[in-house]
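Asker: Have a look at this one.
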Amino acid sequence: MPLQRVLALPRQHSLHLPAVLNPFVHQLKLTRAETIKCFLLGIILVPIRSIFLLLVLMVMWLVSVMITFRQSLKGVVEPMTGWRRFLRQRVMTFLARIYFFGMGFRVIVKGRQASSAEAPILAVAPHSSFFDAIVCVEAGLPSTVSRSESLEAPIFGRFLSCVQPVLVSRIDPDSRKNTILEIDRRAKSGGHWQQVLLFPEGTCTNRSCLITFKQGAFVPGVSVQPVLIRYPNKLDTVTWTWQGPKVAKLLLLTLCQLYTTVEIEFLPPRIPNETEEKFPAKFAQSVRAVMAEALGLSVTDHTYEDCRLMIAAGELTLPMEAGLVEFTKISRKLELKWDNVKKELESFANIACSCKGGRITIEEFGSFLKLPISPALQELFSLFDRNGDGTIDFREYVIGVTVLCRPVNNEGVIQTAFKVKISKILMLY
């Protein structure tokens, strides 16, 4: 039974639970009819499509070798011109469309794509699958941001080289700064460079909301064209999240479908105002708001750092979703860095390790503090238990520990701490 709060302490609305608790989970459950349908179609479609895709892949590889022959891929590069540009924009784009067609994708494009001079940057969301690469194809193979190691991949490294990506290095400590400078250089080339396409969410979600947008696409302070992507299919075989089906299963099931529909919508370019030019975070938020409204989705303050915490929670034998805290909001409101939150996760795991579901009960709370269950302990517990469900999850734990362990002037908190101290002293007599 949830504990009743004795001291009515105010709660910050800004720290309330998000509209979507876990945007990084996807459950793919097939009915018996869907399983039979996939099996019967798969017997016919998978072999045919596999052979066709292999043939197209071979042709694409030959064309990509021609495009990148004696072409500088690292350092300060210049945009392709002449026959290289023609092969990339016309031939390679055509072959890539044939490739996705061979996989069974039916593409519906809405709106008009702006030119590189009108909108140097394309911001695509929601990012939910490795199949989202189809947006790059429909946009005419613009530049992307990629890890430098990806260029070393045997086949797809060549394909990636064709779009002249902005490279990110794990070794170079200045890589992040250099990446932003390179995006800025290309974005302000006056249409000389092709557009730069970015997925500002930075990780895949289940398309139930738009999470925090990274600022990379908005730092240059130039016009950005929002691009929406939808998969309006009855059976979702494309969503690839941190908790859900693996790549091989999704790829196989997609090949077993008669067709898979994807909608790509180009919204009007968004030109930043004077304030947004100075503050990229505000520009990112305004673009996200426009995209969320068009999609009919809510926004949350989850980010890639939440995914890292999910992995850490799993390593600590907690449910992966226990690590979700809406990192952007928590770090901003409580002035916490990722390492601080990770440390608190380890402390939380020590208390909640015996509890199923990754939540702390009043009994575990008292056992950890070496205190019997008393009104004072119950009140302290209620300060952590923000939603009053009788348990403390990791998000509540981080907020509680951060607030209660800092010097504050809240009389209610001081009184509660005093009661707990008196209770512990009385135990000695």
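Asker: Can we say residue 193 is in contact (Cβ under 8 Å) with a residue 60 or more places away in the chain, aromatic (Phe, Trp, Tyr), surrounded by 18 or more Cβ atoms within 10 Å (Cβ to Cβ) and out of contact with any strand residue (DSSP E or B) (no Cβ under 8 Å at 6 or more places or on another chain)?
Answerer: No.
Asker: Take residues that are out of contact with any strand residue (DSSP E or B) (no Cβ under 6 Å at 6 or more places or on another chain), surrounded by 17 or more Cβ atoms within 10 Å (Cβ to Cβ) and at pLDDT 60 or above and tell me which of the helices (runs of 4 or more DSSP H) falling wholly in the stretch 349-429 contain 1 or more.
Answerer: Values: elements: 362-369, 375-384, 394-404, 411-426.
Where helices (runs of 4 or more DSSP H) fall fully within the stretch 349-429 and carry at least 1 residues being out of contact with any strand residue (DSSP E or B) (no Cβ under 6 Å at 6 or more places or on another chain), surrounded by 17 or more Cβ atoms within 10 Å (Cβ to Cβ) and at pLDDT 60 or above, they are 362-369, 375-384, 394-404.
Asker: If I ask for residues that are at pLDDT below 95, closer than 24 Å to residue 25 by Cβ, in contact with a helix residue (DSSP H, G or I) (Cβ under 8 Å, 6 or more places away or on another chain) and among the polar types (S, T, N, Q), which ones from the stretch 213-259 would you list?
Answerer: Within the stretch 213-259, just 243 meets the criteria.
Asker: Right, something else. List the pairs whose first member sits in the stretch 265-291 and is part of a loop (DSSP other than H, G, I, E, B), whose second member is among the aliphatic types (A, V, I, L, M), and whose Cβ atoms are under 6 Å apart, counting only residues at least 6 apart or on separate chains?
Answerer: Short answer, once both residue conditions are applied: 269/114; 269/119.
Asker: From the list 263, 274, 305, which residue is within 30 Å of residue 36 (Cβ to Cβ) and of a type in the set (Asp, Glu)? Quick ask: steps written out before the conclusion?
Answerer: Details: 274 fails: within 30 Å of residue 36 (Cβ to Cβ); 305 fails: within 30 Å of residue 36 (Cβ to Cβ).
After applying the criteria, what remains is 263.
Asker: Could you pull out the residue among 376, 352 that is touching a Gly at 6+ places or on another chain (Cβ under 8 Å) and among the hydrophobic types (A, V, I, L, M, F, W, C)? Spell out how you get there, then give the answer.
Answerer: Working: 376 fails: touching a Gly at 6+ places or on another chain (Cβ under 8 Å).
It is 352.
Asker: I'd like to check something: does the stretch 262-277 contain any residue that is among the aromatic types (Phe, Trp, Tyr) and in contact with a Phe, Trp or Tyr (Cβ under 9 Å, 6 or more places away or on another chain)?
Answerer: Initially, the stretch 262-277 is screened for residues among the aromatic types (Phe, Trp, Tyr), giving 266.
Pick out the ones that are also in contact with a Phe, Trp or Tyr (Cβ under 9 Å, 6 or more places away or on another chain) and you get none.
No, the stretch 262-277 contains no residue that is among the aromatic types (Phe, Trp, Tyr) and in contact with a Phe, Trp or Tyr (Cβ under 9 Å, 6 or more places away or on another chain).
Asker: Read through the list (1) crowded, with 21+ Cβ neighbours inside 10 Å; (2) in a helix (DSSP H, G or I); (3) out of contact with any Gly (no Cβ under 7 Å at 6 or more places or on another chain), then give the number of the only condition that residue 322 fails.
Answerer: With (1) crowded, with 21+ Cβ neighbours inside 10 Å; (2) in a helix (DSSP H, G or I); (3) out of contact with any Gly (no Cβ under 7 Å at 6 or more places or on another chain) applied to residue 322, the lone miss is (3).
Asker: Related question: Sort out which residues of the stretch 1-33 are in contact with a helix residue (DSSP H, G or I) (Cβ under 9 Å, 6 or more places away or on another chain), at pLDDT below 75 and more than 30 Å from residue 376 (Cβ to Cβ), and write them in order of number.
Answerer: 18
Asker: Moving on to the next point. Which condition breaks for residue 187 when tested against (1) within 18 Å of the chain's Cα centre (by Cα); (2) within 21 Å of residue 144 (Cβ to Cβ)?
Answerer: (1)
Asker: Hey, another quick one. Could you grab me the full set of residues in the stretch 227-251 that are loosely packed, with under 15 Cβ neighbours inside 10 Å and part of a helix (DSSP H, G or I)?
Answerer: Of all residues in the stretch 227-251, those loosely packed, with under 15 Cβ neighbours inside 10 Å come to 232, 234, 246-249.
If the condition is that a residue be loosely packed, with under 15 Cβ neighbours inside 10 Å and part of a helix (DSSP H, G or I), then 247, 248, 249 are the ones that fit.
Asker: Can you run down the residue pairs with Cβ atoms below 6 Å, 6 or more apart or on separate chains, where the first is in the stretch 21-47 and farther than 29 Å from residue 126 by Cα and the partner is at pLDDT 95 or above and not in a helix (DSSP H, G or I)?
Answerer: Close Cβ pairs (under 6 Å, with a partner that is at pLDDT 95 or above and not in a helix (DSSP H, G or I)) amount to 41/256.
Asker: For the stretch 76-166, give me every one of the strands (runs of 3 or more DSSP E) that falls completely inside it and has 2 or more residues that are surrounded by fewer than 19 Cβ atoms within 10 Å (Cβ to Cβ).
Answerer: Values: elements: 105-111, 121-125, 145-147.
By residue number, 105-111, 145-147.
Asker: Could I ask something else about it? Among the residues of the stretch 190-219, how many are within 20 Å of the chain's Cα centre (by Cα) and either of a type in the set (Phe, Trp, Tyr) or part of a loop (DSSP other than H, G, I, E, B) (or both)?
Answerer: Applying the first criterion (within 20 Å of the chain's Cα centre (by Cα)) to the stretch 190-219 yields 196-219.
Add one more test, that the residue is either of a type in the set (Phe, Trp, Tyr) or part of a loop (DSSP other than H, G, I, E, B) (or both), and what stays is 199-208, 211-219.
Looking only at that region, the number is 19.
Asker: Oh, and also: If you check residue 303 against the conditions, is it in contact (Cβ under 8 Å) with a residue 12 or more places away in the chain, on the phi > 0 side of the Ramachandran plot and among the polar types (S, T, N, Q)?
Answerer: Numbers: in contact (Cβ under 8 Å) with a residue 12 or more places away in the chain: yes; on the phi > 0 side of the Ramachandran plot: no; among the polar types (S, T, N, Q): yes.
Here the answer is no, as residue 303 does not meet what is asked.
The values are calculated or read from the model by the stated rules, or taken from the named source; none is laboratory data. Note that the structure is a prediction, hence the values are computed from the model and not measured. In this analysis, Cβ positions are derived from the backbone assuming ideal geometry, glycine residues included, and neighbour counts consider all displayed protein chains.
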